């Protein structure tokens, strides 16, 4: 610009410097070592800005302070509480609207969505000697993850994990033969994984439990089988207290 000059003061060297301009009068200035609060599009102080975040304006020509949305966890939002509100409140945790963790004030930890089921035989079953026979469990007491099928009398793991399986078979005293073998068997994917056998010493009813700790992959299925070598047909007693299977995910 003819007849006009722009000067800038150099505080380090304590002298004024002429700022060069382009022939059309435009000026390019490079600023270094400027502090954040010195920017013209931010306030000179932060009073009233506590807890806010900084974002670029929608016009993309500056910055602005905005309130931060609380995540749905932590004690700030209370939806749910990851810390108890008081000594008598439980700690609850949710995911997709489902409560997956509960810690009571007494310290007891609950896992409401952990795989667990209890299913029993509703009608007695009579079967022949020699070949293992699947017990047609058909009445569900509870099944947290809906993993038991009454159509084919099997429980199928929906996730990998370590599981405890308990099978329980009661043989009727009306058919038990002395000096014979009676079994409760747990099968995984059609293969024997655990069993309990009793050598009958009398002709009274037999109650045979079998417990197995299994490392299962998603899709593996568990079934309860009975077997004997009595030589005559034997009857498995029905009822929730007599013949059943229980499964629970441990880890």
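I need the full set of residues from the stretch 114-130 which are surrounded by fewer than 14 Cβ atoms within 10 Å (Cβ to Cβ) and more than 18 Å from residue 152 (Cβ to Cβ), in order please.
Once the filter is applied, which keeps residues that are surrounded by fewer than 14 Cβ atoms within 10 Å (Cβ to Cβ) and more than 18 Å from residue 152 (Cβ to Cβ), the stretch 114-130 yields 126, 128, 130.
Taking the stretch 198-222, which residues are assigned to a strand (DSSP E or B) and loosely packed, with under 13 Cβ neighbours inside 10 Å?
Across the stretch 198-222, the qualifying residues are 199, 209, 213, 215.
Any residue at all in the stretch 227-243 that's at pLDDT 95 or above, assigned to a strand (DSSP E or B) and closer than 28 Å to residue 113 by Cα?
No, every residue in the stretch 227-243 fails to be at pLDDT 95 or above, assigned to a strand (DSSP E or B) and closer than 28 Å to residue 113 by Cα.
Test of understanding: among 52, 15, 35, 28, which residue is at pLDDT 65 or above and out of contact with any strand residue (DSSP E or B) (no Cβ under 6 Å at 6 or more places or on another chain)?
Within the list 52, 15, 35, 28, the selection yields 15.
I'd like to know if the stretch 69-88 contains one or more residues that are modelled with pLDDT of 80 or more and exposed (fewer than 14 other Cβ atoms within 10 Å of the Cβ).
Scanning the stretch 69-88 turns up no residue that is modelled with pLDDT of 80 or more and exposed (fewer than 14 other Cβ atoms within 10 Å of the Cβ).
Within the group 129, 201, 172, which residue is at pLDDT below 95 and over 15 Å from residue 116 (Cα atoms)?
It is 201.
For residues in the stretch 55-68 being at pLDDT 80 or above and outside any strand (DSSP E or B), which is surrounded by the most Cβ atoms within 10 Å (Cβ to Cβ)?
In this case the residue turns out to be 57.
Yes/no per residue for (1) more than 24 Å from the chain's Cα centre (by Cα); (2) over 15 Å from residue 222 (Cβ atoms):
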| residue | (1), (2) |
| --- | --- |
| 125 | yes, yes |
| 132 | yes, no |
| 139 | yes, yes |
| 154 | no, no |
| 175 | yes, yes |
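Conditions tested, residue by residue: (1) touching a strand residue (DSSP E or B) at 6+ places or on another chain (Cβ under 6 Å); (2) under 17 Å from residue 227 (Cα atoms).
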position	(1), (2)
132	yes, yes
138	no, no
142	yes, no
146	no, no
169	yes, yes
195	yes, yes
206	yes, yes
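Given the condition in contact (Cβ under 8 Å) with a residue 60 or more places away in the chain, in a strand (DSSP E or B) and surrounded by 19 or more Cβ atoms within 10 Å (Cβ to Cβ), answer yes or no: does some residue in the stretch 181-197 qualify? Even if it seems obvious, please write down each step before you answer.
Initial filter on the stretch 181-197 (in contact (Cβ under 8 Å) with a residue 60 or more places away in the chain): 192.
Cutting the leftovers down to in a strand (DSSP E or B) gives us 192.
Applying the additional criterion that residues be surrounded by 19 or more Cβ atoms within 10 Å (Cβ to Cβ) yields none.
No, the stretch 181-197 contains no residue that is in contact (Cβ under 8 Å) with a residue 60 or more places away in the chain, in a strand (DSSP E or B) and surrounded by 19 or more Cβ atoms within 10 Å (Cβ to Cβ).
The values are calculated or read from the model by the stated rules, or taken from the named source; none is laboratory data. Remember, predicted model here, so these are calculated numbers, not experimental data. Every residue, glycine as well, gets a Cβ built from its backbone with ideal geometry; the counts of neighbours run over all protein chains shown.
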